[in-house]
Structures are given as C-alpha cells and as structure tokens.
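Quick note: the coordinates plus some simple rules give every number you see, no bench work behind them. Keep in mind it's a predicted model, so treat the numbers as computed, not measured. FYI the Cβ positions are ideal-geometry reconstructions off the backbone, even for glycines, and counts take in every protein chain you see.
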Amino acid sequence: MKRISHSLGDIAQALGATLRGDAATEIRGIATLQSAQEGDVSFLANPSYARYLQTTKASAVIVAPSAAEQCPTNVLLLDNPYLGYAQLSHWFDPAPRAPAGIHPSAVIDASAKVAPTASVGPNVVIEAEALIGENVTIGAGSVIGSGCRIGDGSTLDARVTLYHGVELGKRCLILSGAVIGSLGFGFANEKGVWHRIAQIGRVILGDDVEVGANTTIDRGALDDTVIGNGVKLDNLVQIAHNVSVGDHTAMAAFVGVAGSTTIGRHCVFGGASGISGHLKVGDQVHLTGMTMVTRDLPEPGVYSSGVPVDTNRRWQKNAVRFRQLDDLAKRLRKLDKNA
C-alpha cells in the first residue's frame, strides 16, 4: 500500500498550529513518541510521557507551548495536542473507502430512495420507503428497515441492523453488530405470566452520533428514544426504550441505561455504569467506572459508587464489616439516647 505523504507546513496550516522547524519536512505516518521513526509525527498529551521527548525519533511532535523547549525536533504548537492528534489521525487512516454504487447482491425495495453518491455493500437489505442520503456508506449484510432515514455522510459498517422507522442524522458512524430500534423490554404481568407491550415509538439519532460495535438502542414504547447531537456510545452499551440522551454525552463500554431515563448534555459515563429507569441526570455529570445510579442526579459533578479492587482477604473482612453496619448504627443511636 502506498504511504500517504504530507508536508509539515501543510499539516500546521490545517491544524492551526504554530510550526517551529522545517515546513518542507515530509510526514508519512503518525506514531507514539516511543515507536516513531523518521517521517512520523507524534504528540505529547499526557505529561507522564514527557520523558520520551528527548529520545523520540519522530520528525515532528505536536506539543503544548510549555513543553516545546524539551523537544529536539520540529514541533507543532497547540494548546490541545490530543485534539491535534485526533484530527491528524484521519489523514493516515488506512481503512478502505467504499466507492459509490449499489452491489449487485443488495436487495432494495422499489419504493426506497438511495442517493446516487451512496455506497451499498454486498447482501444489504433496504426495505420499503427507506431514504438513504448523499455519501452514505452501508456495509455488507446490513439491514435497513422500512421507513428508515439515514442522513448525508453517515456510515454503517457491516452487519448493522436498523429496525423500522429509525432516523439517523448527518455524519453518524454505526459500527458492526449494532442494533438500533429493537423492541424495548416492556411487559405487563398477569398472575405470573408476562404479556408483551407493543413498542410503537421510534429511535432518532442526531448529527455526528457514533454507536459502537454490538451496542443496542431500543425503540420507544410510546414516545421516541432520542440520542442527541454528537453523542458517543462505546461498544456493548444498552440504551432502553424512551431514554433521552443529551448532546455530546459519552458512554464507555458496558454502560446500561434503563427505560424512560433522561440524560443531560456533556455527561461522561465510565465503563459498566448502570442507570436505573425513570430518572433524570443533569448536564455535565461524570460517573466513574461501575457507578450505580438509583436516584436523580440534577447537579453537575463527579459521582462514584463502585468498590475499588483489594486483596481478597481484606475484601472479605470489609464485606463482613459492611453487614455489621446496621447493628453498629443501632448501637450508636442507643448510646446517643443514653448520653
């Protein structure tokens, strides 16, 4: 595969960075400070890696102005080097780009509309009244249900399933195995027997939403499940029916959100966190990993509930003490009364 090459001057201009060094330097790749070779650009985002600046073989490094003097090679000065790395990473992404057109094995209903610039891969199924926008890519084996809408510039990797009536905004990225619009977990119980409730709402995703591999988003029971603009969902996230997620919220792997919960904007949920149903979580709430939310969290801030790892022996002792807390509390109340 032919390596892509860019001049350091062009990179600096595109990133809005201040260049100290040779603008004609050719950059052919991107790498860590430790593994970079001549022709690579690297970056320093975490101060703990600053010790590698003096020995890196990179042809250029993206750094904050405060670290520039520690770097013996060309530097690109940015206040947020990690953002610069994120933007530049796309320049060297080797992922193949699907050409526009419809594969002969795709099955497309006559009433569906597919933009001429869209790419529809092998064995894709597009059902009635679906609308596929400009420059959309649909990977092999994906299923687009009836009445779905996929906004311009969105990409669905292989084996994505959109149930009927799902709407995706512009520039969404849906990774393999994701299922959007599946039936919510809704049942009525009569004498021990569960009776399914029809899930008649939809799922609506805003612009620039990313949904990780094997993540599931259930359709609404009555109202829609709504995922706001810029939301990022990691792999293996579960969003239940009627949930609303505010703009630019991010959730790491194994997060589960129960039904009819409202999540605010700019929240960050650590991996394996769980949020109970019918709750309201405000803007800018940060949950550390394995946090269990069982009440409303209207105020911004960092919340935790997971128990950190410990040796098994100490954990067992603490578990016994935890079971004794109720008795200890009763004894303290009794002492207070007798004081």
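Quick look at the values:
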quantity	calculated
Within region 72-106: backbone nitrogen closer than 19 Å to the Asn135 label point (7 Å, Cα to C-beta)	87-102
Three-way shape label, region 1-153, alpha-carbon gyration tensor, a/c 1.5	prolate
Local electrostatic count at Thr55 - Lys and Arg +1, Asp and Glu -1, tallied over other residues with Cβ under 15 Å	0
Tail fraction, Cα-Cα pairs, the chain, threshold 39 Å, whole percent	33
Karplus-derived HN-Hα couplings along region 249-261 (A = 6.51, B = -1.76, C = 1.60, θ = phi - 60°), whole Hz, x at Gly and Pro	7, 10, 10, 7, 4, 6, 5, x, 10, 6, x, 6, 9
Percent antiparallel among DSSP beta bridges (both partners in the chain, rounded to 5)	10
Linear extension gain, Ala23 paired with Ala158, 0.36 nm per residue minus alpha-carbon span	44.6 nm
Lysine pairs meeting the criterion (Cα under 26 Å, 8 or more apart or interchain), as found in the chain	6
Value at 222 nm in deg cm²/dmol, rounded to 500, when DSSP H runs of n ≥ 4 in the chain each add -39,500 (n - 2.57)	-4000 deg cm²/dmol
Spatial separation of Cα centroids for region 81-129 and region 254-272, in angstrom	29
Environment charge at Cys148 (Cβ cut-off 9 Å; Lys +1, Arg +1, Asp -1, Glu -1)	-2
Additional length obtainable on full extension of the chain from Glu69 to His286, 0.36 nm per residue less Cα span	74.6 nm
Euclidean distance between Cα centres, region 303-324 to region 8-48, Å	46
Fully extended contour minus Cα-Cα distance, from Gln316 to Ser35, at 0.36 nm per residue	96.9 nm
Distant-in-sequence amide H partners of Phe43 (H built 1.01 Å from N, under 5 Å)	Leu33, Ile62
